[in-house]
1. Just how large is the dipole of the chain about the Cα centre, in debye to the nearest 20, putting +1 at every Lys and Arg Cβ and -1 at every Asp and Glu Cβ?
2. Please compute the per residue accessible area over the stretch 289-435 with all protein chains in place, 1.4 Å probe, rounded to a whole number of Å².
3. Where Lys and Arg each count +1 and Asp and Glu each count -1, what net charge lies around residue 152 among other residues with Cβ under 10 Å from its Cβ?
4. Below 8 Å between Cα atoms, with a sequence gap of 6+, how large is the relative contact order for the stretch 453-545 in percent?
5. Give the percent of DSSP beta bridges with both residues in the chain that are antiparallel, rounded to the nearest 5.
6. Determine the order of 159, 499 by accessible area, beginning with the largest, at a probe radius of 1.4 Å.
7. Could you tally the net charge around residue 416, taking each other residue with its Cβ under 10 Å from the Cβ of residue 416, Lys/Arg +1 and Asp/Glu -1?
8. With a 1.4 Å probe and all protein chains in place, put 244, 466 in order of accessible area, largest first.
Amino acid sequence: MKGEDKKLVRFFEGSDKRFIIPLYQRNYDWEIKHCRHLFADLVKLHEDKRRSHFFGSIVTSRANDVNDDYLVIDGQQRITTISLLLIAMVNAAKAGDLAYDDERKIAMIYRTYIVDEYQDDERKVKLKPIKNDMKAFDALIYEPEKHVRESNVTRNYEFFYNELKSCTLKLEELFESIKKLVVIDIRLEREDDAQLIFESLNSTGLDLSEADKIRNFLLMSMTNEEQEHCYEKYWNRIEIYTGYDPTMFVRDYLTIYTKAIANIDNLYFDFKSFVERTGISREEVMSDMTEYARYWNIFTSQKSDDEKLNTKFRQINTIESTVGMAFYMAFLKYANDNGFTSNEVFEVFDLIEAYWARRIICNYPTNAMNKAFATMHHDVLRLRREQEAKGIEPSQYSEVLKYVLLKRQGTGALPSDAEVSEEFKKRQIYRIPQSYRNFLFERMENCDNAEGKWENIVPRIKDGSYTIEHIMPQTLTATWRQHLGEDAERIHEEYLHTFANLTLTGYNSSYSNRPFEEKKKGYDYKGKHIYGFDESHFSLSNYIKTVDQWTEKELIERQAILLNRFMWLWPMPSTEFKPVEKDTDHVAFDDEDTILTGRKITAFTYKNEHVKVTSWKEMLVAVCQLLYKDSPSSMRVLCNADIWVHSKPDEDYSLFAEGCYVFTSCGTPTKISILRYLFKNLNLLPTDLDFELIPIADAAVNETTTVSGNSSDIIDD
């Protein structure tokens with residue numbers, strides 16, 4: 001690697017010399033504020049007569065041995081921006097919008113810094129942006145009157161052009177300022193690892209998104225021809241499917257295989273580790289990602305072939321949460337690969353909607369659903385495979401899913417009818433996140449209306465055409481206090497923001513805290529008749545039309561009506577599915593809902609190695625031995641850190657390698673915690689380990705104790 005300070009214009013100069021933005025780079029995305037800052041710096045350079053101005057570093061490598069084509073590893077944003085400014089200067093001068101002293105200067109800038117007329121290729125432009133930018137870039141040079149709209153390239157060019165029209169500097173003066181820009185020109189040699197240099201340059205994560213870095217990782221090791229092929233066939237389609245923001249998709253794609261939620265800030269390294277560990281080729285990974293991205297798009301854009309299913313997708317998308325995306329993608333792909341009917345797919349998403357609605361009304365934490373959705377598809381497939389292994393026709397997917405949802409405990413559970421009935425009465429609906437509120441009101445208003453009124457409600461709630469009205473107002477007037485009686489304060493506090501006291505209206509700003517009779521029958525306001533609840537077309541107001549007062553009695557009656565509607569929309573599922581009887585249970589190491597304490601372990605599998613054991617203690621020691629075998633240096637470093645594993649003997653520790661000991665005088669939950677510590681620090685996938693246990697029915701198990709609960713940490717080996 002060679003680096004030197006160099007004037008930016010010197011970097012551009014030279015015949016038969018082009019700069020290629022590799023396809024693994026992101027699109028051009030400098031914003032107007034960046035261009036404005038650059039232009040102000042150039043004007044200031046002219047005014048204060050400084051000799052130079054540092055403009056950052058540019059890292060390139062030779063594209064081939066034939067000519068002086070260079071791949072831009074880092075610095076494409078600066079190179080593209082200066083090129084746009086030079087094009088704007090040439091075009092503005094030719095059009096008479098920028099003053100100049102010597103017409104030859106226009107031609108010199110054009111032929112030296114914008115195009116290379118001696119190139120053999122049909123395209124003679126010095127800079128080759130990636131495909132999505134190149135069309136807009138070339139149009140500015142050859143057909144400036146035919147701008148490609150909706151392009152950052154065009155937007156920033158137009159900014160520069162407008163600045164030039166109002167600028168007092170002449171073309172020559174502005175070019176002299178550009179000549180003062182200095183860069184560190186870093187040229188990579190053949191032996192340099194471009195990927196490692198790229199990682200180092202972007203280690204802060206400030207410039208590139210995690211998806212940008214993942215794209216670079218996948219494409220950078222390929223030849224130019226392979227990059228062209230894979231970018232066009234796979235990555236460009238992934239970006240289109242995900243609205244050109246694929247970071248969250250990549251996280252959810254990774255979750256499908258690891259059954260763990262990656263931290264966004266560490267997504268690139270988790271993804272890189274996953275690909276390198278699996279040994280799958282970069283093209284195979286991108287091909288697989290493209291297929292899943294297609295299902296991401298089908299769900300988020302409601303583009304299935306079945307309109308009833310699209311409606312269900314729209315309803316779930318109203319929640320505006322992506323925690324279930326890994327499951328949605330995995331299931332849709334599985335359903336397509338196995339020929340599921342639209343009705344079968346609908347039943348599954350109807351269950352998922354009920355899971356959401358019941359948890360929202362009961363105020364269960366959303367973050368607990370991350371783990372549930374990450375493992376849900378895997379859990380269903382495991383139970384169906386166990387049926388197949390016994391020669392039993394696998395149960396319908398939705399029936400197995402019901403069992404999986406009903407089996408969940410703790411914060412990931414599906415709330416029961418009793419919980420829903422209790423929480424429905426006191427849930428502060430008006431104060432929940434707006435997306436949740438929109439979801440509940442749309443569904444409670446329309447139910448499963450065959451006429452599909454969804455489009456008329458959620459968008460209108462969002463734009464303010466429809467609002468949520470408190471029937472009993474947020475501020476009690478003397479009339480309302482008299483109306484509610486001596487318990488007015490208690491009634492107001494208890495019911496104000498609950499479903500019982502809320503409905504939809506198009507006249508919220510006018511209703512204010514008016515008496516109930518006026519809200520119901522309507523009134524005149526500033527010479528205009530305001531319709532009341534009696535004229536409302538919303539089904540949520542139907543009960544209100546039947547009463548003449550609004551007291552606790554009416555609130556309780558309406559509460560019961562709406563609760564019945566909720567239960568009808570999202571009933572508690574039931575299923576006759578039962579798992580097959582097994583000699584042993586196969587339990588994933590990362591399944592936090594599985595009962596482990598008090599259960600007998602018979603074997604474990606780490607990666608592809610199956611090991612029989614007689615106790616949890618024996619399992620922990622054996623796993624440590626395998627981890628040491630794979631990563632002896634890393635395990636010794638952890639032993640020296642003296643957390644759970646140690647370098648000195650003790651009566652509470654067990655030897656697993658020479659000079660390496662693990663704490664084993666503890667209960668099962670602590671042993672699992674030790675494994676989690678080791679897997680995390682060794683950057684291992686929890687999915688690489690699972691246990692074989694004697695089934696619960698055959699073991700003396702305390703059913704209230706789980707590995708994730710507050711169990712007593714008795715030694716059960």
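1. Numbers: 93 positive and 118 negative charges, 324 e Å.
Its charge dipole is roughly 1560 debye.
2. Working: 5850 Å² over 147 residues.
For the stretch 289-435, the solvent-accessible area averages 40 Å² per residue.
3. -3
4. 27 percent
5. Counting DSSP beta bridges with both partners in the chain, the antiparallel share is about 75 percent.
6. 159, 499
7. -2
8. Details: 244 125, 466 25 Å².
Result of the area sort, largest leading: 244, 466.
The values are calculated or read from the model by the stated rules, or taken from the named source; none is laboratory data. Predicted model only: the values in this text are computed from it and were never measured. As a convention, Cβ positions derive from the backbone with ideal geometry for all residues, glycine included, and neighbour counts pool all protein chains shown. Side chains are part of the model used for accessible areas, which takes the heavy atoms of the whole protein and leaves out ligands, DNA and RNA. Shrake-Rupley method; radii C 1.70, N 1.55, O 1.52, S 1.80 Å.
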